[in-house]
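Worksheet for the structure shown next.
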Amino acid sequence: MHPTLVAVAHGSRDPRALLTAGALLERVRELRPRLDVRLGHIELNQPLLPDTLRAASGAAVLVPLLLGRGHHVKRDLPAAAARATHLRTSVAAPLGPHPLLVEALYERLLEAGWGSAGTGRPAVVLAAAGSRDPDSATDTRRTAALLSERLGGVPVVAAYASGSGPTVPEAVRALAARGRHRAAVASYFACPGRFASQCAAAAPGPAAAPLGAHPALARLVLQRYDEALALRSAHRELATA
């Protein structure tokens, strides 16, 4: 029996977030039909993560639907796993940075009209939630660099809805000062929500949708699950050697 995959979403008051997370997990189930895939939220939405873990048995891998290292990934998820004493638990790495995320960001930009005529000197603002953890900002900047490569060297500037900044409007103004007046906004959010909408509203050019149930994201969820299982197996072998 394979360990349960518990996908951990942040949660949002925006009703679209729960629907989007559910659609993403349906794609995951389609890719691996025999795997038990469940959803848990850190806050705001049901089911909450502790309730999901209480309902599971045997073993579980928590896969954060979060895009970088931060407080939730480093502290909240390991603490929740440790409290589920009836389970053998592992916590997978966050989804980003990763080339599959970059592919999803690129395709969302195309869907929003990126590359259409009349955009002038192109640029992109990668809009993320933001965090006080410097590792989270490092991960976002790494994704911005990867997206720039995918776009053939077009400048991509990381910006944040919260934290130390820059904010999306600040990044847009900085790009305009460099002669790039219609920057597109790439939405570095797994699901719709207040922050994603706020960032999109600041775009002077195309504003991409959140990553959502993109097929590349579903593949990445399973890749993080598999990586966590492989790491647990390696640790077990070391412990018995």
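The values are calculated or read from the model by the stated rules, or taken from the named source; none is laboratory data. Not measured: the values here are computed from a predicted model. Cβ sites come from the backbone with ideal geometry, for glycine too, and all protein chains shown count toward neighbours. Keep in mind that these areas ignore ligands, DNA and RNA; they rest on the heavy atoms of the full protein, side chains included. Shrake-Rupley method; radii C 1.70, N 1.55, O 1.52, S 1.80 Å.
Comparison of LEU110, LEU146 shows that the only residue that is modelled with pLDDT of 95 or more, of a type outside the set (Asp, Glu), touching a Pro at 6+ places or on another chain (Cβ under 7 Å) and not in a loop (DSSP other than H, G, I, E, B) is LEU146. Can you find a residue in region 80-102 that is touching a Ser or Thr at 6+ places or on another chain (Cβ under 6 Å) and closer than 24 Å to PRO210 by Cβ? Yes, that holds for at least one residue. Is it fair to say ALA174 is in a helix (DSSP H, G or I), more than 20 Å from the chain's Cα centre (by Cα) and hydrophobic (A, V, I, L, M, F, W, C)? Yes. Among the residues making up region 120-143, those that are part of a loop (DSSP other than H, G, I, E, B), in contact with a strand residue (DSSP E or B) (Cβ under 8 Å, 6 or more places away or on another chain) and closer than 19 Å to ALA177 by Cα are PRO122, ALA123. In the set (1) in contact (Cβ under 8 Å) with a residue 40 or more places away in the chain; (2) over 13 Å from LEU105 (Cβ atoms); (3) surrounded by fewer than 22 Cβ atoms within 10 Å (Cβ to Cβ), ASP139 fails one condition alone, (3).
Annotation: of all residues in region 186-241 being modelled with pLDDT of 95 or more and aromatic (Phe, Trp, Tyr), the one that is nearest to THR20 (Cα to Cα) is PHE189. Please indicate, with yes or no, whether at least one residue in region 185-197 is over 17 Å from HIS98 (Cβ atoms), open to solvent by 20 Å² or more (accessible area, probe 1.4 Å), free of Cβ contacts under 8 Å to residues at least 60 places away in the same chain and of a type in the set (S, T, N, Q). No, region 185-197 has no match at all.
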